[in-house]
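Reviewing the structure listed below.
Derivation of every value follows stated rules applied to the coordinates shown; laboratory data play no part. Since we're looking at a predicted model, the values are computed, not measured. Here the Cβ positions follow ideal geometry from the backbone for every residue, glycine too, while neighbour counts run over all protein chains shown.
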Amino acid sequence: MHPEIASFDYSWSIVSDPKKADYAESELKNIVATHTDIALEVIGTIIEYEKKINSFAFGSMEVLSWLVFLFGVINLINTAPSNQMSRKQCFAFHRSDTKTAMQNEHLRGAILYVLCNIGDADRWASGFHLCL
């Protein structure tokens, strides 16, 4: 195109009328085909490449989030029966005590819970109670 220029180390952005975009692209491809030292990058191919890369990244994040969700569900399913079995063992152990001793222990636990949470009225709604 320009024989006096030895190196094309720069690029041009060619913006055309959308109605004439196909014609402009085909003419530019014809020019590039005749010269081996220049190349043509079309914005459509760049957009397709970026979509493919982004879909891979977001797809892998989606798979990871589903795995975390399934792990949480399996953990919840496992925890509920474990807690029930532990509670059965605890009640079986305490059943050896007299009925009044068991009632007194539950009553003391309830009173301790109430006393620990009287000062934490602002935290009652959130459900985070710490009693040491």
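Here the extension length gained between Ala57 and Gln103 equals 10.8 nm, from 0.36 nm per residue of separation less the Cα-Cα distance. Site pair Leu112 and Lys88 shows an inter-label distance of 2.6 nm when each label is modelled 7 Å from Cα along Cα→Cβ. In plain terms, the chain from Ile46 to Leu28 could stretch by 4.8 nm, reckoned as 0.36 nm per residue minus the Cα-Cα distance.
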